[in-house]
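Trainee: Following this message is one structure expressed as structure tokens.
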Amino acid sequence: MSKKQIHLAAHFPGVNNTTVWSDPEAGSQTDFSSFVAFAQNAERGLFDFLFLAEGLRLREHQGKIHDLDVVGRPDTFTVLNALAAVTTHLGLGGTINTTFNEPWELAKQFASLDHLSGGRAAWNLVTSSDAFTGENFRRGGFLQPEQRYDRAQQMLDAARELWLADGRLIDHHSDQFDMVGRFPLPPTPQGHPVLIQSGDSDQGREFGAKTADAIFSRHGSTQAGQEFYRDLKGRMPAYGRKPDEITILPATTFALGETESEAQENGHRIREAQVSPQTAIAFLEQVWGRDLSAHDPDGPLPDVDPDPGAEITRGRVRHEKDPLAVAQRWRELAEAKGGLSIRELIIETTARQSFVGTPKQVAQEMDAYVQADASDGFILVPHLTPGGLDEFVERVVPELQDLGSYRTEYTGPTLRDHLGLRRP
Amino acid sequence: MTAHLAVEASGFGRHPRAAETAGVPPQALLTPAYHIGLAQLAAQAGADFLALPDSFAPGSGLDAVAIAARVAPVVPGTGLVPTVTTTHTEPFHLSKAVATLDLVSAGRAGWEVAVSRTEQEAAQFGRKPAAPPAELWREAAEAIEVVAALWDSWEDDAVVRDAATGRYVDREKLHYVDFTGEFFSVKGPSITPRSPQAHPLVVVRDEQDSLAVAARWADVVRIAAPDLAQAHALRERIRAAVADAGREPDAVAVLLDVEILLATDESAARRAYDDLGEFPASTLRVLGAPDALVDVIAERAVDGITAVPLTLPGGLRVLADEVAPRLLEKGLRLPADPAATLRTRFGLSRPANQFEGARS
């Protein structure tokens, strides 16, 4: 039996503090030339797909536009169509919101991308319902939070019906949508675009198990990865699906060096650049719900407790539901590590799954992770635009190939081919 | 002043039986190669822009912004003007799509504004019934206003990358648009920074109830008229409306749609038309030799034309091979600067930012 193959996707570095802008090598995250360089490099590295994230309102912190992180994004569909012109095999994936779009237009846009890219489109379905984002759209905050996945499911059902209609009359009615008409485009080269899901709640996992072709997860350690992998794939048979019909890709960073210690140093340098003194305070304020600008980022955690009712950051997903418990945990952690400063603690606690080492070590660790069924591969989140993937492609990809775990050429033209998926 | 030349590329051409002469199967319309070929011909013809019609009506094809974006990186030398409707779409999405087309085309983007009139289109969205043209164009005016505000919602120098303060962006240079109108409200700012042209070229067709919107917002007005005298009269009416709206009439180019089927001589063109079958003209039509179209342009009754081939890609090929060289020879067109932005081609500067100096 041949060895389990690793799938790689590339997250274009953009809006959030993971993207380091203070490095002399940091280029523009909005110039088209940055997208071209990044995409062509991912294609040289035989990646399954490139991925663009999206947020439909600029984040705010304490009532003002958040100014510490990289911000500003071009339109997802338009960039992906333009990238189809300068690549030949690379999949082209983007986040498109299921709440602030309508299925007829969205289905046409995705079908157009899939046709114009020769079958390389992927849709990361993101649900949101916040009135904050809604202020940029016709219907405002029209959706109740508990209806998010209902709408996402109905959106997907509606879009799928349009994509696969092939000239039949559509007469679709659900809670969210009423559509009557004939969709103007035939099924696309992939049948329809590849579907990606990333919600981690129970509802999100169920939705993923039922509908997704690929899943972005954020479970770091091998054990956490394995638990998620088992859980998610275990939910699939209930929907008549086989486990290999979903590719699970945790978000992963990396730091390379000629020696392990050099890599460790590089990794630490990147983490420090990602968490500037000001960013450390802003992160703390998110949890505390208070203005902490008077605190020294190189000093200890505040004595005052978080204000559990306050929500001072908007436009960002809040993963921590109980700020008092988080504060307690962080104080214990800072203590246990010999008295971490605020910034040191934020660097510690916001770390993602990361592979740090020589190219060979990183390749071996990644391979071990995938072979242990902690994932099917990774979505890499480089810290630099546009060159953040260069060294990985040049040095780690050949090592993965030597391990027999990574393709040496694309075997087909479409993203479904890269992911080993059947046409719907 | 030389004459403007735009070309429209819709499917296999405006004639309903054009597909029979295209020389490629109908599925070609779904491939990038076909659209790249058309754009290359438009660039060869020295066209100021390629208009890409689109709608949600049955029989429409691929999304026009998508086609323009797919073509932009590989075909330099011509503007790209997709139609984007304002009736069933979100102004916020629209503003960033067109701004991003401007980004990927290095300043060659435009936007032809259109409305969706039919019950059929309304039923595909299921959100609201079809409305009369006057209402649709009032909504379109709001859409253009908010889109233009979103295009300005980032000042050009908003990104500061100031390591000393840890700030990537100067939030004083990002602006809420705080638009509230009859049809929608939009908070802003855009998620997309200001584009190379800042304001991609705005194109409006003269149609029922669109005149006020064209007068207030258009950089280019497309008109239809059966002959040059009527086209000229219409141009005068539009210029008067532009002046009434408080704008300089010379800042707006009025382009006459001219349906074309050109061949070596008039009888050959006539035969080609007879083979296709009778099809009523919706504007001035030139069936004849390339010189017949050159003569129409030379009359200077309007600021230029939008050539609408009855058949594609053949109609564009004749334009590129036969008409364009004659226009240069006669001094009716000048060789285009390939690096020029679309606004530059229309003598328009990069606009000042409406929010500059204001504080959010």
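The values are calculated or read from the model by the stated rules, or taken from the named source; none is laboratory data. Just so it is clear, the model here is predicted, and its values are computed rather than measured. Heads up, the Cβs are rebuilt from the backbone with ideal geometry, glycines too, and the neighbour counts pull from every protein chain shown.
Trainee: Inside region B:155-164, can you point out the residues that are more than 7 Å from chain A (Cβ to nearest Cβ), of a type outside the set (A, V, I, L, M) and either without any contact (Cβ under 8 Å) to a residue 60 or more places away in the chain or in a strand (DSSP E or B) (or both)?
Mentor: Of everything in region B:155-164, those that are more than 7 Å from chain A (Cβ to nearest Cβ), of a type outside the set (A, V, I, L, M) and either without any contact (Cβ under 8 Å) to a residue 60 or more places away in the chain or in a strand (DSSP E or B) (or both) turn out to be B:Asp157, B:Asp162.
Trainee: Given the condition closer than 30 Å to A:Gln226 by Cα and touching a residue at least 12 places away in the same chain (Cβ under 8 Å), answer yes or no: does some residue in region A:299-308 qualify?
Mentor: No; the residues of region A:299-308 include none that is closer than 30 Å to A:Gln226 by Cα and touching a residue at least 12 places away in the same chain (Cβ under 8 Å).
Trainee: In the list B:Gly315, B:Gly347, B:Gly331, which residue meets the criterion of being out of contact with any helix residue (DSSP H, G or I) (no Cβ under 7 Å at 6 or more places or on another chain) and over 20 Å from B:Gly79 (Cα atoms)?
Mentor: Answer to the check: B:Gly331.
Trainee: When only residues in region B:52-67 that are in contact with a helix residue (DSSP H, G or I) (Cβ under 7 Å, 6 or more places away or on another chain), within 7 Å of chain A (Cβ to nearest Cβ) and not β-branched (Val, Ile, Thr) count, which is surrounded by the fewest Cβ atoms within 10 Å (Cβ to Cβ)?
Mentor: Going through the qualifying residues, I end up with B:Pro58.
Trainee: Another question, then. Checking B:Ala198 against (1) under 24 Å from the mean Cα position of the chain (by Cα); (2) within 10 Å of chain A (Cβ to nearest Cβ); (3) more than 19 Å from A:Gly55 (Cα to Cα): exactly one of these is not met. Which one?
Mentor: Result: B:Ala198 fails condition (2) only.
Trainee: Starting from region A:20-42, take each residue that is more than 11 Å from chain B (Cβ to nearest Cβ) and list its partners that are β-branched (Val, Ile, Thr) and not in a loop (DSSP other than H, G, I, E, B), counting only C-beta distances under 8 angstrom and pairs at least six apart or across chains.
Mentor: A:Asn41/A:Val393; A:Ala42/A:Val393
Trainee: Of (1) among the charged types (D, E, K, R); (2) away from every other protein chain (no Cβ under 11 Å); (3) within 20 Å of B:Leu201 (Cα to Cα); (4) in a helix (DSSP H, G or I), B:Asp102 satisfies all except one. Which?
Mentor: (2)
Trainee: Does A:Phe51 satisfy the criteria of being in a strand (DSSP E or B) and either crowded, with 24+ Cβ neighbours inside 10 Å or among the polar types (S, T, N, Q) (or both)?
Mentor: Judged against the criteria, A:Phe51 is a match.
Trainee: Here is a further query. Filter region B:218-239 for residues that are touching a strand residue (DSSP E or B) at 6+ places or on another chain (Cβ under 6 Å) and in a helix (DSSP H, G or I); which is surrounded by the most Cβ atoms within 10 Å (Cβ to Cβ)?
Mentor: Residue satisfying both the conditions and the ranking: B:Ala231.
Trainee: Given the conditions (1) within 7 Å of another protein chain (Cβ to nearest Cβ); (2) surrounded by fewer than 24 Cβ atoms within 10 Å (Cβ to Cβ); (3) within 14 Å of A:Phe77 (Cα to Cα), report the number of the one that B:Leu94 does not fulfil.
Mentor: (1)
Trainee: Being touching a Gly at 6+ places or on another chain (Cβ under 9 Å) and basic (Lys, Arg) is the filter; apply it to region A:53-104 and report the residue that is farthest from the other protein chains (Cβ to nearest Cβ).
Mentor: A:Arg59
Trainee: Which condition does B:Glu145 not pass, out of (1) more than 9 Å from every other protein chain (Cβ to nearest Cβ); (2) surrounded by 21 or more Cβ atoms within 10 Å (Cβ to Cβ); (3) of a type in the set (Asp, Glu), if it passes all the others?
Mentor: That leaves (2) as the condition not met.
Trainee: Out of all the residues in region A:20-46, which are more than 29 Å from B:Arg108 (Cα to Cα) and either in contact with a Phe, Trp or Tyr (Cβ under 9 Å, 6 or more places away or on another chain) or of a type in the set (Lys, Arg) (or both)?
Mentor: A:Ser22, A:Arg44, A:Gly45, A:Leu46
Trainee: Still on this structure, please answer the following. Filter region A:111-141 down to residues that are within 18 Å of A:Gln190 (Cα to Cα) and within 9 Å of another protein chain (Cβ to nearest Cβ), then give me how many there are.
Mentor: So the answer is 7.
Trainee: Could you please give the count of residues in region A:157-188 that are assigned to a helix (DSSP H, G or I), buried (at least 20 other Cβ atoms within 10 Å of the Cβ) and either aliphatic (A, V, I, L, M) or at the interface with chain B (Cβ under 9 Å from one of its Cβ atoms) (or both)?
Mentor: Result for region A:157-188: 3.
Trainee: Let me ask you something else. Which pairs turn up if I take residues in region A:105-126 that are of a type in the set (S, T, N, Q) and look for partners that are outside any strand (DSSP E or B) and buried (at least 23 other Cβ atoms within 10 Å of the Cβ) with beta carbon separation below 7 Å, at least 6 apart in sequence or on another chain?
Mentor: Going by the 7 Å Cβ cut-off, the qualifying pairs are A:Gln109/A:Phe77; A:Gln109/B:Asp63; A:Gln109/B:Ala66; A:Ser112/B:Leu62; A:Ser112/B:Asp63; A:Ser112/B:Ala66; A:Ser117/A:Ala84.
Trainee: Continuing with this model, one more query. Quick one: which residue in B:Val242, B:Val296, B:Val286 is hydrophobic (A, V, I, L, M, F, W, C), in contact with a strand residue (DSSP E or B) (Cβ under 9 Å, 6 or more places away or on another chain) and closer than 27 Å to B:Arg138 by Cβ?
Mentor: Matching residue, one of B:Val242, B:Val296, B:Val286: B:Val242.
Trainee: Here is a list: B:Gly77, B:Gly46, B:Gly13, B:Gly59. Which entry is within 27 Å of A:Ser34 (Cβ to Cβ) and assigned to a loop (DSSP other than H, G, I, E, B)?
Mentor: Just one listed residue meets the conditions, B:Gly77.
Trainee: Of everything in region A:399-420, what is of a type in the set (D, E, K, R) and in a loop (DSSP other than H, G, I, E, B)? Give them in sequence order.
Mentor: Hits for region A:399-420 are A:Arg407, A:Glu409.
Trainee: Somewhere in region B:166-178, is a residue modelled with pLDDT under 95, facing another protein chain (nearest Cβ under 8 Å) and in a loop (DSSP other than H, G, I, E, B)?
Mentor: Yes, because at least one residue in region B:166-178 is modelled with pLDDT under 95, facing another protein chain (nearest Cβ under 8 Å) and in a loop (DSSP other than H, G, I, E, B).
Trainee: Would a scan of region A:380-398 turn up a residue that is within 28 Å of A:Glu25 (Cα to Cα), in a helix (DSSP H, G or I) and without any contact (Cβ under 8 Å) to a residue 60 or more places away in the chain?
Mentor: Scanning region A:380-398 turns up at least one residue that is within 28 Å of A:Glu25 (Cα to Cα), in a helix (DSSP H, G or I) and without any contact (Cβ under 8 Å) to a residue 60 or more places away in the chain.
Trainee: If we keep just the residues of region B:242-258 that are free of Cβ contacts under 8 Å to residues at least 60 places away in the same chain and crowded, with 19+ Cβ neighbours inside 10 Å, which is farthest from B:Glu299 (Cα to Cα)?
Mentor: B:Val242
Trainee: Could you grab me the full set of residues in region B:60-87 that are among the polar types (S, T, N, Q) and over 19 Å from B:Thr341 (Cα atoms)?
Mentor: Matches in region B:60-87: B:Ser60, B:Thr85, B:Thr86, B:Thr87.
Trainee: Also, quick follow-up: When you scan region A:97-128, how many residues do you find that are touching a Leu at 6+ places or on another chain (Cβ under 9 Å) and surrounded by fewer than 20 Cβ atoms within 10 Å (Cβ to Cβ)?
Mentor: The total comes to 0.
Trainee: When you scan region B:118-126, do you find a residue that is of a type in the set (A, V, I, L, M), more than 8 Å from every other protein chain (Cβ to nearest Cβ) and in contact with an Asp or Glu (Cβ under 8 Å, 6 or more places away or on another chain), even just one?
Mentor: no
Trainee: Just to be sure, is B:Glu119 surrounded by fewer than 23 Cβ atoms within 10 Å (Cβ to Cβ), under 20 Å from A:Leu56 (Cβ atoms) and not β-branched (Val, Ile, Thr)?
Mentor: Criteria not met by B:Glu119.
Trainee: Looking at region B:322-360 only, could you name the residues that are of a type outside the set (A, V, I, L, M, F, W, C), part of a helix (DSSP H, G or I) and over 18 Å from B:Val296 (Cβ atoms)?
Mentor: Once the filter is applied, which keeps residues that are of a type outside the set (A, V, I, L, M, F, W, C), part of a helix (DSSP H, G or I) and over 18 Å from B:Val296 (Cβ atoms), region B:322-360 yields B:Arg343, B:Thr344, B:Arg345.
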